[in-house]
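Working notes, beginning with the structure itself.
The values are calculated or read from the model by the stated rules, or taken from the named source; none is laboratory data. Owing to the predicted nature of the structure, the values given are computational and were not obtained by experimental measurement. Cβ atoms come from the backbone with ideal geometry, glycine included; neighbour counts cover every protein chain shown. The accessibility values were calculated without ligands, DNA or RNA, using every heavy atom of the protein model including side chains. Shrake-Rupley method; radii C 1.70, N 1.55, O 1.52, S 1.80 Å.
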Amino acid sequence: TNRVTTPGHAVPSTRTSIAGAKENERGAVDVLGFSVSGTTETFVEHVTGSVLKNYYDSSESAYKSEFREPVSDVANGRIVIIANASSAVSSVMASHSAGALKEDILADLQLSYTGAWPTDGSSVGGYEPIPMYGETAIGKVGNNISYTLDLRRMLARIDVKNSAATFSMKHVYLANAYTTGYIAPKWNTTGQIVKPYATTPNTKTTWHDAA
């Protein structure tokens, strides 16, 4: 059983455009297995599947998901989990065979969206699950192995709070928004995700290599 976690938010306590359960929703999950040798990580296998269970863990103030997918046995490996982006991932992985470098795959894992991202979860078709990325190094990639990792959302959320009793906010506009970005957080020249995580978007117009 594999478990992924998305950190919750304490502020604001209520949301009108997108609910906590929605912004943490995971449906389709893609699992990428990599073999690690020194600073070189090479692709081994890609499998897809669905989440078995989504739930909120109040003890950790976090949304969690569990899923179970078979992958080949690889000693000294890394697991990459990508949620809610199966179409983009499948398209990219069709051009990468076993042995491909992780940094090359990350560079191709991009997603484009024109217009406002649908966040009104109260209407039919009014919400598009947010693509998420997470990874962890493990002693062995394979079946019958349990691991837990955090997922990072591809999209940033902007909270606008109005506490003025005499002012009513009706519309908020975001100018010069990006339409294409990388699914993964920033990485270095050998495909290592840079931590602490960046606070700026990992977009095609922003150099992703932080080495």
Legend entry - Pick from region 126-167, criterion open to solvent by less than 70 Å² (accessible area, probe 1.4 Å), assigned to a loop (DSSP other than H, G, I, E, B) and within 27 Å of Gly181 (Cβ to Cβ), ranking: modelled with the lowest pLDDT: Gly126
Legend entry - Subset tally (residues that are closer than 19 Å to Val36 by Cβ, in a helix (DSSP H, G or I) and among the aliphatic types (A, V, I, L, M)) for region 73-113: 4
Legend entry - Cβ-Cβ under 6 Å pairs, at least 6 apart or on other chains, region 181-193 side outside any strand (DSSP E or B), far side open to solvent by less than 20 Å² (accessible area, probe 1.4 Å) and of a type in the set (Phe, Trp, Tyr): Ile183/Tyr133; Ala184/Tyr133
Legend entry - Any hit, region 103-125, residues being open to solvent by less than 20 Å² (accessible area, probe 1.4 Å), modelled with pLDDT of 80 or more and in contact with a helix residue (DSSP H, G or I) (Cβ under 6 Å, 6 or more places away or on another chain): yes
Inset, instruction - Determine, yes or no, whether Ala28 is surrounded by fewer than 16 Cβ atoms within 10 Å (Cβ to Cβ), of a type outside the set (Asp, Glu) and at pLDDT 75 or above. - result: no
Legend entry - Sole exception among (1) open to solvent by 60 Å² or more (accessible area, probe 1.4 Å); (2) at pLDDT 80 or above for Pro196, by number: (2)
